[in-house]
Amino acid sequence: MRDVAIVSFAQSNVAVEDRNEIEMLLPVAKEAIEGSGLARDEIDFTCSGSSDWLQGQPFAFVMALDAVGSWPPIKESHVEQDGAWALYEAWVKIQTGEVGSALIYSFGKTSPGDIAQVQALQLDPYCGQPLWPDLDSLSGIQARSCLEAGVVTEKQMAEVACQALRNAQSNPHAVRKGDYTVEELLAKPYRVSPLRDHDCPANSDGVTVMVVVAGDRAKQLCDRPVWIRGFDHRIDPPALGVRDLTRIPSAALAAEKAGAADDKLDFVEITAPYSHQELILRKEFGLADDVQVNPSGGSLAAHTLMSCGLNRIGDAAVRIAAGGGDRALAHAGQGPCLQQNLAVVLEGD
Amino acid sequence: MTQRCGVIGVGQTKYDAKRIDVSMPGLLREAALRALEDAELTWSDIEAVVIGKAPDMFEGMMYPENYLADAIGATGKPLLRVHTAGSVGGSTANVAISMITSGIHDRVLTIAWEKQSESNAMWGLTLSPPFSVSVVAGAGGFFAPLIRTYIRRSNAPEDTGIRVALKDRQNAHKNPYAHLKIDDITFDQIANSPMLWDPIRYLESCPSSDGACAMVLTNESLAERTPRKPAWVHGTAMRSEPTQFARRDAVNPMAGRLAAQDLYKQAGIQDPRKEIDCMEIYVPFSWFEPMWMETMGFADEGEGWKLTYEGVTALDGSRPVNMSGGVLSSNPIGASGMCRYAEAANQVRGLAGEHQIDGARKALGHAYGGGSQYFSMVLFGDTRP
C-alpha cells in the first residue's frame with residue numbers, strides 16, 4: 001500500500017446558508033488548495049460526494065466543477081454518497097499508482113427542505129417509501145429498540161448530548177453548543193419519543209474540502225503529515241426488520257478491517273447523527289473508557305448531510321496535525337439507522 | 001498499475017421501455033447473475049461491489065445502494081455508488097477496475113442500471129430549480145445546437161445522421177438484448193420521422209429504456225485461469241471540464257480529446273486508426289458518431305462524417321462502430337456507458353454473438369455525459385498487456 005497523507009482540510013458549516021452550493025464551495029476550496037502548498041494543477045485527481053435530492057435537480061454536482069477549477073480538463077469522479085466515500089475512491093486511485101494527489105470535496109444544503117422527510121426516499125420504493133417514514137422516526141424506533149433491550153438508557157443518551165454540546169464550545173464550526181446538565185436535557189420534551197431535539201442531528205449547511213498526497217511529497221508539504229493507515233467500508237442489509245437495530249455490524253467490520261484495534265486510539269471522530277447511535281458505535285468499535293469521542297462535538301453539534309463523514313475525518317486529521325493525539329479512528333455512516341459505515345485509521349508522523 | 005485486470009464475466013438484461021416484470025432489485029440481479037454465470041462464480045466469490053446510475057430522480061430514490069445492498073450480494077462488503085452524469089456507466093466500470101489494479105481486491109462485481117419506467121427521465125431533466133434557467137427541452141434540446149454547429153463547421157451532408165441511425169438500427173437486429181428493433185427499417189422511414197429538435201429526427205434519437213449491465217472483474221492470475229477468455233484492460237481514462245465558458249468547444253471538447261490521448265498512451269497505441277479494430281461509443285443522437293470519431297482521433301477535424309458515408313463504421317466496414325446497435329437502440333441511461341464497455345469486452349473475448357467482428361483484438365468502450373463534458377473510456381485487448 002502506498003502511504004497517503006491528509007495535508008490540508010477546510011470546512012464551512014452554518015445553520016442556514018444564504019449562498020448556493022457553488023458560492024459556499026468556492027472560498028473553502030481555495031482555502032484547502034492554498035493550505036496544501038500545491039498549485040491547483042499539481043493536484044492529479046478530483047473526487048466529490050453530494051446528493052441531487054438536496055438541490056432538487058438532477059446532475060446538481062456538475063456545476064460544482066466551476067468552483068473547484070476544472071480547466072484544463074481534470075481527472076475527476078463523483079460518488080452520490082458522503083464525501084468520505086469520495087475520499088475512499090481517491091485513495092484507491094492513488095493506490096493504482098496512476099495519481100499521487102487528490103482534491104476531495106463534498107457539500108450539502110438541507111435548510112430549504114425537511115431533510116428528515118426527504119430521507120424517506122432512501123427506503124424500499126415499493127413498500128417503505130410510500131409510507132414516508134421520516135428519518136427522525138426511524139431513528140426513534142432504533143433508540144426504542146436499544147432502550148427496550150437494555151443496551152442504553154435515556155440518561156446515557158442525554159450524557160452523550162451533554163458532552164457533545166460541551167465539546168462543541170471549542171469548535172467554531174459547530175451550530176449547536178452549550179453547557180447543560182443531564183437533568184436539564186432530560187427535562188426537555190420529546191421530538192419523536194424517545195428522542196429529544198438534542199438527541200437528533202444539528203442539521204447544517206456546509207462544505208468540506210480536503211487534499212491528500214502520497215509518499216515523500218506529503219512530508220515536504222507539511223510539518224506533520226497525517227497518514228491514512230487503514231481504510232474500509234461495509235454495508236448492512238436494508239430491511240429494518242432483518243437487522244438487529246441495537247447493533248451496527250458493518251461499522252464493527254469496517255473498523256476491524258481498517259485495523260482500528262491494532263494499537264491504542266487517542267480519540268475518535270464518529271458520525272452518530274442520533275445520540276443513541278454513539279452508544280452503539282462505542283461498543284461496535286470496542287472503545288476503551290478513556291478514549292475521547294468526538295472532540296469536535298460531532299453530528300449533534302453540526303451535521304451537514306453528504307459532508308459530515310468527510311468532516312469527521314478532516315476534524316480528526318486537523319487535531320492530530322496540531323498535536324492533539326497520535327492515532328485516531330474516524331468514521332462516516334449513512335443510510336437508515338446507519339446502514340452503511342466507513343472507517344479510517346489516521347496516524348501522525 | 002499494481003495489477004492487471006481482466007473482465008471475466010459480462011451480463012446484460014433485455015432492454016425494454018417498461019420492464020414491469022421485474023422490480024429494481026430484480027433488474028440488477030438479472031444482469032449480475034448473467035455476469036456471474038459467464039464467469040462461473042457465485043455471489044460469495046465477490047469481494048466488493050461498485051454500482052452506478054444516472055440521477056436518483058430518474059427512479060425517485062435516494063441512495064438506491066442502501067435498498068439494493070442485499071439483492072446484489074453486497075451485504076457485509078464494500079459497496080460504492082458512482083455518479084458522473086451520462087458517462088456514469090463507464091466511470092463506474094473504471095472505478096471498479098481501479099479496485100483491481102490497485103491490488104486492493106481480487107474479484108469485483110460492477111453493475112449499472114436505469115429503470116426509467118419507475119419515473120420520467122424527461123421530467124427529471126427539465127426541473128426548474130429556483131434562481132436558475134431551465135432549458136425545458138430534455139437532452140435533445142441541449143445537444144441539437146451542438147450538432148447544428150458541427151454541420152456548419154464540417155459541411156457534412158445533411159443525411160449523415162440518417163445513415164448513422166440506419167446502420168445502428170440494422171445492427172440492433174443482431175443483438176438479442178436490444179430494446180428498439182424496427183423491422184425492415186429504411187432510410188426514408190428515418191428521414192420522414194418527425195423532427196424533434198432540428199436537426200434531430202425522432203428515429204435519430206435514443207429510446208428511454210429499462211435495463212442493467214454487469215461485469216465481473218479479476219486480477220491477472222485469476223483472469224488467466226477463468227473458464228472463458230477474459231478481456232484484458234489495456235487502459236482506462238476519465239476527464240471532466242466545466243459546462244460553459246467562453247473558451248470551451250462543446251462540439252469537440254478538450255476533455256474528450258485528452259481522455260482519448262491518455263487512453264492510447266496507456267495502451268501503447270500509436271495510431272488508433274490502424275490499431276483499434278472496433279468500438280462501442282456513446283451515440284444518443286445519430287450525429288454524435290461522426291463528432292466523436294473526430295474527438296477520438298479516428299478522423300481529422302471536419303472529416304468524421306466521411307467514415308459514416310464511406311461505410312467504414314458499418315458492421316462490415318474496416319472500423320465498425322456500435323455493432324450492438326448502440327445507445328440509439330437501447331438507452332438505460334445510467335447503464336448505457338457500461339453496455340458500451342461490456343459489448344467491447346465481448347468483442348475481444350469472441351463472445352459477441354451475431355454482431356461479432358471476426359478477429360477483433362482491440363476494442364474501445366466510450367461514454368460521455370453532462371453537457372458533453374464528462375468522458376470515460378476503456379481499451380480492451382484479447383491478450384495480457
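The values are calculated or read from the model by the stated rules, or taken from the named source; none is laboratory data. For clarity, every value in this text was computed on a predicted model and none was experimentally measured. Note that we place each Cβ from the backbone using ideal geometry, even for glycine, and neighbour counts take in every protein chain shown. Remember, those area values only see protein heavy atoms, side chains included, never the ligands or the DNA or RNA. Shrake-Rupley method; radii C 1.70, N 1.55, O 1.52, S 1.80 Å.
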**OP:** Pick out the one residue from A:GLY150, A:GLY97, A:GLY113 that is in a loop (DSSP other than H, G, I, E, B) and facing chain B (nearest Cβ under 7 Å).
**Re:** A:GLY97
**OP:** With the checklist (1) acidic (Asp, Glu); (2) surrounded by fewer than 20 Cβ atoms within 10 Å (Cβ to Cβ); (3) free of Cβ contacts under 8 Å to residues at least 60 places away in the same chain in hand, flag the one item B:GLU65 doesn't pass.
**Re:** (2)
**OP:** Give B:GLY89, B:GLY103 a once-over and let me know the one that is in contact (Cβ under 8 Å) with a residue 60 or more places away in the chain and within 8 Å of chain A (Cβ to nearest Cβ).
**Re:** B:GLY103
**OP:** Identify the residue in the stretch B:81-111 that is touching a Phe, Trp or Tyr at 6+ places or on another chain (Cβ under 6 Å) and of a type in the set (A, V, I, L, M) and, among all such residues, is nearest to B:TYR368 (Cα to Cα).
**Re:** B:ALA85
Subject >> Filter result for A:ASP289 (charged (D, E, K, R), touching a Phe, Trp or Tyr at 6+ places or on another chain (Cβ under 9 Å) and either within 14 Å of chain B (Cβ to nearest Cβ) or farther than 20 Å from A:SER137 by Cα (or both)) >> reply: no
Original post:
Which residues, counting only those in the stretch B:237-249, are more than 9 Å from chain A (Cβ to nearest Cβ) and either modelled with pLDDT of 95 or more or under 20 Å from B:GLN261 (Cβ atoms) (or both)?
Top reply: B:ASP249
**OP:** Please give the number of the condition A:ASN13 fails out of (1) in contact with a His (Cβ under 7 Å, 6 or more places away or on another chain); (2) at the interface with chain B (Cβ under 10 Å from one of its Cβ atoms).
**Re:** (2)
**OP:** Filter the stretch A:69-87 down to residues that are more than 7 Å from chain B (Cβ to nearest Cβ) and modelled with pLDDT of 95 or more, then give me how many there are.
**Re:** 5
**OP:** Pull up the stretch A:43-66, narrow it to residues that are assigned to a helix (DSSP H, G or I) and within 24 Å of A:VAL4 (Cβ to Cβ), then point me to the one that is nearest to the other protein chains (Cβ to nearest Cβ).
**Re:** A:LEU65
**OP:** For the stretch A:83-96, enumerate the residues that are in contact (Cβ under 8 Å) with a residue 60 or more places away in the chain and closer than 18 Å to B:SER91 by Cα.
**Re:** A:GLY83, A:TRP85, A:ALA86, A:LEU87, A:TYR88, A:ALA90, A:TRP91, A:ILE94, A:GLN95
**OP:** Taking only the stretch B:195-240 into account, find how many residues are among the small types (Gly, Ala, Ser) and in a loop (DSSP other than H, G, I, E, B).
**Re:** 2
Subject >> Top-ranked residue of the stretch B:2-36 - restricted to ones that are open to solvent by 50 Å² or more (accessible area, probe 1.4 Å) and of a type in the set (S, T, N, Q), ranked as farthest from the chain's Cα centre (by Cα) >> reply: B:THR2
Original post:
In this structure, does A:ALA260 turn out to be more than 21 Å from A:ARG144 (Cα to Cα), over 16 Å from the mean Cα position of the chain (by Cα) and in contact (Cβ under 8 Å) with a residue 60 or more places away in the chain?
Top reply: yes
Original post:
Within the stretch A:272-279, is even one residue of a type outside the set (S, T, N, Q), over 15 Å from the mean Cα position of the chain (by Cα) and open to solvent by less than 10 Å² (accessible area, probe 1.4 Å)?
Top reply: yes
Original post:
Would you call A:ILE22 more than 10 Å from chain B (Cβ to nearest Cβ), touching a residue at least 60 places away in the same chain (Cβ under 8 Å) and in contact with a helix residue (DSSP H, G or I) (Cβ under 9 Å, 6 or more places away or on another chain)?
Top reply: no
Original post:
Got at least one residue in the stretch A:155-168 being at negative phi, part of a loop (DSSP other than H, G, I, E, B) and crowded, with 20+ Cβ neighbours inside 10 Å?
Top reply: no
Original post:
Just to be sure, is A:ALA328 within 14 Å of chain B (Cβ to nearest Cβ), under 14 Å from A:ALA255 (Cβ atoms) and hydrophobic (A, V, I, L, M, F, W, C)?
Top reply: no
Original post:
Out of (1) over 20 Å from the mean Cα position of the chain (by Cα); (2) closer than 22 Å to A:LYS75 by Cα; (3) not small (Gly, Ala, Ser), the odd one out for A:ARG19 is which?
Top reply: (2)
**OP:** Search the stretch A:194-231 for residues being surrounded by fewer than 22 Cβ atoms within 10 Å (Cβ to Cβ) and within 14 Å of chain B (Cβ to nearest Cβ), and hand back the single one that is nearest to A:GLN119 (Cα to Cα).
**Re:** A:GLY230
Subject >> A:GLU76 over 24 Å from B:TYR368 (Cα atoms) and not aliphatic (A, V, I, L, M) >> reply: no
Original post:
Is it the case that some residue within the stretch B:252-273 is away from chain A (no Cβ under 14 Å) and aromatic (Phe, Trp, Tyr)?
Top reply: yes
Original post:
Given the residues A:ILE248, A:ILE235, which is the only one that is within 13 Å of chain B (Cβ to nearest Cβ), open to solvent by less than 10 Å² (accessible area, probe 1.4 Å) and over 29 Å from A:VAL182 (Cβ atoms)?
Top reply: A:ILE235
Original post:
Scanning the stretch B:146-175 for residues that are open to solvent by 70 Å² or more (accessible area, probe 1.4 Å) and part of a helix (DSSP H, G or I), which turns out farthest from B:GLN189 (Cα to Cα)?
Top reply: B:ARG153
**OP:** Restricting attention to helices (runs of 4 or more DSSP H) lying wholly within the stretch B:241-334, give those where 1 or more residues are touching a residue at least 12 places away in the same chain (Cβ under 8 Å) and touching an Asp or Glu at 6+ places or on another chain (Cβ under 6 Å).
**Re:** B:254-267, B:288-295, B:304-309, B:326-329
Original post:
Regarding A:ILE6, is this residue among the aliphatic types (A, V, I, L, M) and modelled with pLDDT under 95?
Top reply: no
Original post:
Any residue at all in the stretch B:37-54 that is of a type in the set (Ser, Thr, Tyr) and either within 12 Å of another protein chain (Cβ to nearest Cβ) or open to solvent by less than 20 Å² (accessible area, probe 1.4 Å) (or both)?
Top reply: no
Subject >> Exclusive hit being hydrophobic (A, V, I, L, M, F, W, C) and at pLDDT 95 or above, set A:ALA255, A:ALA239 >> reply: A:ALA255
**OP:** Would you mind telling me which numbered condition in (1) farther than 20 Å from A:ALA301 by Cβ; (2) part of a loop (DSSP other than H, G, I, E, B) A:LYS188 fails?
**Re:** (1)
